1. For the list (1) away from ligand 1 (no atom under 16 Å from the Cβ); (2) in a helix (DSSP H, G or I); (3) surrounded by fewer than 24 Cβ atoms within 10 Å (Cβ to Cβ), I need the number of the one condition that L177 fails.
2. I'd like to know if region 209-218 contains one or more residues that are farther than 20 Å from A186 by Cβ, away from ligand 1 (no atom under 16 Å from the Cβ) and open to solvent by less than 10 Å² (accessible area, probe 1.4 Å).
3. What pairs come up if the first residue lies in region 178-206 and is within 21 Å of S222 (Cα to Cα) and without any contact (Cβ under 8 Å) to a residue 60 or more places away in the chain, the second is within 12 Å of ligand 1 (Cβ to nearest atom) and not in a helix (DSSP H, G or I), and their beta carbons are under 6 Å apart, counting only those six or more places apart or on different chains?
4. Within region 214-232, is even one residue farther than 21 Å from I142 by Cβ, in contact with a helix residue (DSSP H, G or I) (Cβ under 7 Å, 6 or more places away or on another chain) and aliphatic (A, V, I, L, M)?
5. Identify all residues within region 289-307 that are open to solvent by 20 Å² or more (accessible area, probe 1.4 Å) and within 13 Å of ligand 2 (Cβ to nearest atom); write none if there are none.
6. I'm checking my understanding of the structure. Among residues of region 133-153 that are assigned to a helix (DSSP H, G or I) and within 14 Å of A255 (Cβ to Cβ), which one is farthest from ligand 1 (Cβ to nearest atom)?
7. Just wondering, is there one or more residues in region 13-21 that are of a type outside the set (G, A, S), under 19 Å from G306 (Cα atoms) and more than 16 Å from ligand 2 (Cβ to nearest atom)?
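The values are calculated or read from the model by the stated rules, or taken from the named source; none is laboratory data. Just so you know, these numbers come straight off a predicted model, no measurement behind them. Here Cβ is always computed from backbone atoms with ideal geometry, including for glycine, and neighbour counts include all displayed protein chains. Just so you know, the surface numbers come from the protein's heavy atoms only, side chains and all, with ligands and any DNA or RNA stripped out. Shrake-Rupley method; radii C 1.70, N 1.55, O 1.52, S 1.80 Å.
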Amino acid sequence: MSETPLRIGIAGIGTVGAALVNILAGKADLLAARCGRAIVLSGVCARDRSRDRGCDLSAVEWFDDPVALAASEGIDVFVELMGGDGDPAHAAVKAALHAGKHVVTANKALLARHGVELARIAEEKGLILNFEAAVAGGIPVIKTMREALTSNTISRVFGILNGTCNYMLTRMEMEGLSYEACLKDAQALGYAEADPTFDVEGFDTAHKLAILTSLAFGSEISADEIYVEGISNITTEDIEAAGELGYRIKLLGVAQKTASGIEQRVHPTMVPVAAPIAQISGVTNAVAIEADLVGQLVLSGPGAGGEATASAVSGDICDIAKSRPGHQQAPALGVPAAALAPYVQARMRAHEGGYFIRLNVYDQAGVFASIASRMAEEGISLESIVQRKRDGKTRSPADQQTIILITHETTEQAIRNALERIETDGHLAAHAQMFRIEK
Ligand code: NAP
Ligand code: HSE
């Protein structure tokens, strides 16, 4: 056992920070035994000094300024758990690295915007930048991609990356609860971001996907070029229609290599009910990685919540405690930041796949045939077409019908062209709902 403890400073004592403080205190002996040295909490920072946080901070130095904590002489590792892609998180992490401190963060928004810059500074300084908790909460997916799969060539990575959305979609489907009620519960349970729009509009998934894409393909992180749709437009009618035709709706993040570049997209997706990813319910996340040597690897586990996320943060701290000073550290993004390839974006309109389309149409002669012919004009082959009569479930007015189309593989461009024409034809009583199907 080393005589030298590892001194930690934590900025952000909220859901994750408070859980981490309790783990470091409650498991101090276990962590010391496993790391070969004690891990000591030396400083903390948050906005409101008077708030009860459900953890004991009486023996710890309090900082009002995260940047001051980050550069403090009294710490070896700066743990950033405040959130946000700008300051003070950005300034504090940079200050910590410039002051020679290793950094652990759970902040995907920060990494999605500044990850390459921060990785470069860490590498120049010979420091560790760890961020396991930033993607999929308690699931060790960063370590898996950065270390365990080093000799694989990855072709696709996709998954359920937002616990809040999966929790909401699960409860809306299973319990018939409203969107608003489910979101409120997710916030109360500590799953949602400070601004829950990030969760429900798909941006949080996009931030995580951008990090996974960089690790998978050795490219620069590019969160701004992701096609993003959230779950706020999903209705119980969509969920019911999906269920009746053997599908479940999941918010997926997907990154794959195509002939024209890297496709990154986040959207509500129809997955067959029997598919493993369809079984992932509640706050659970799942990440599927397709690679040449391992085939498909699926990791699943808790994607949000204080303890599960703090588990990943403490694992990152332990890796630093076990590292040997003076030895070259592994690059944060798997390859040195300077060697990352520029990100080349594939056009979303070129996306190829099956589609699930729900149309509320006026119940008039010829509508069905007109829709089918618009699809045919775009060369879209239909796997099935279902017309549903008005019933208690659809809630359609008496003069309307619901038509559901499932297509064989086609392109996004063809689908958009066909839907544009169908809208112009004037048969629709409401905008078309279109979902991509993921194999
Ligand atoms: P949170 O509960 O909102 O806590 C944020 C903490 O940061 C609070 O203690 C807050 O202080 C402090 N803070 C915010 N702005 C500050 C400032 N300008 N100066 C000093 N302190 C400041 O957030 P959280 O859920 O723990 O999330 C923390 C990070 O982990 C985020 O990056 C989030 O995306 C990530 N994450 C969260 C989860 C999850 O399940 N919650 C899972 C994975 C990753 P006060 O308490 O005084 O307001
Ligand atoms: N708000 C995020 C989620 C927290 O719901 O998944 C975990 O990153």
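1. (2)
2. Among the residues of region 209-218, at least one is farther than 20 Å from A186 by Cβ, away from ligand 1 (no atom under 16 Å from the Cβ) and open to solvent by less than 10 Å² (accessible area, probe 1.4 Å), which makes the answer yes.
3. Matching pairs, first to second residue: D199/N162; D199/A192; D199/E193.
4. Start the filter on region 214-232 by keeping residues that are farther than 21 Å from I142 by Cβ, which leaves 224-225, 227-232.
Filter once more, so that each one left must be in contact with a helix residue (DSSP H, G or I) (Cβ under 7 Å, 6 or more places away or on another chain): 227-228, 230-232.
This time we only want the ones that are aliphatic (A, V, I, L, M), so: 228, 231.
There is at least one residue in region 214-232 that is farther than 21 Å from I142 by Cβ, in contact with a helix residue (DSSP H, G or I) (Cβ under 7 Å, 6 or more places away or on another chain) and aliphatic (A, V, I, L, M).
5. Of region 289-307, the ones open to solvent by 20 Å² or more (accessible area, probe 1.4 Å) are 290, 292-300, 302, 307.
Passing the criteria: P302, E307.
6. To start, the set of residues in region 133-153 that are assigned to a helix (DSSP H, G or I) comprises 133-134, 141-148.
With within 14 Å of A255 (Cβ to Cβ) added as a condition, the list becomes 141, 145.
On the way: V141: 12, M145: 17 Å.
In this case the residue turns out to be M145.
7. Of the residues in region 13-21, the ones of a type outside the set (G, A, S) are 13, 15-16, 20-21.
Narrowing further to those that are under 19 Å from G306 (Cα atoms): 13, 15-16, 20-21.
Narrowing the set further to residues that are more than 16 Å from ligand 2 (Cβ to nearest atom) leaves 13, 21.
Yes; the residues of region 13-21 include at least one that is of a type outside the set (G, A, S), under 19 Å from G306 (Cα atoms) and more than 16 Å from ligand 2 (Cβ to nearest atom).
Results for (1) assigned by TED's automatic domain parsing to the domain that holds F131; (2) of a type in the set (A, V, I, L, M, F, W, C); (3) surrounded by fewer than 24 Cβ atoms within 10 Å (Cβ to Cβ), shown as yes or no for each residue.
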{"site": "E173", "(1), (2), (3)": "no, no, yes"}
{"site": "Y191", "(1), (2), (3)": "no, no, no"}
{"site": "T197", "(1), (2), (3)": "no, no, yes"}
{"site": "F203", "(1), (2), (3)": "no, yes, yes"}
{"site": "S222", "(1), (2), (3)": "no, no, yes"}
{"site": "T236", "(1), (2), (3)": "no, no, yes"}
{"site": "Q256", "(1), (2), (3)": "no, no, yes"}
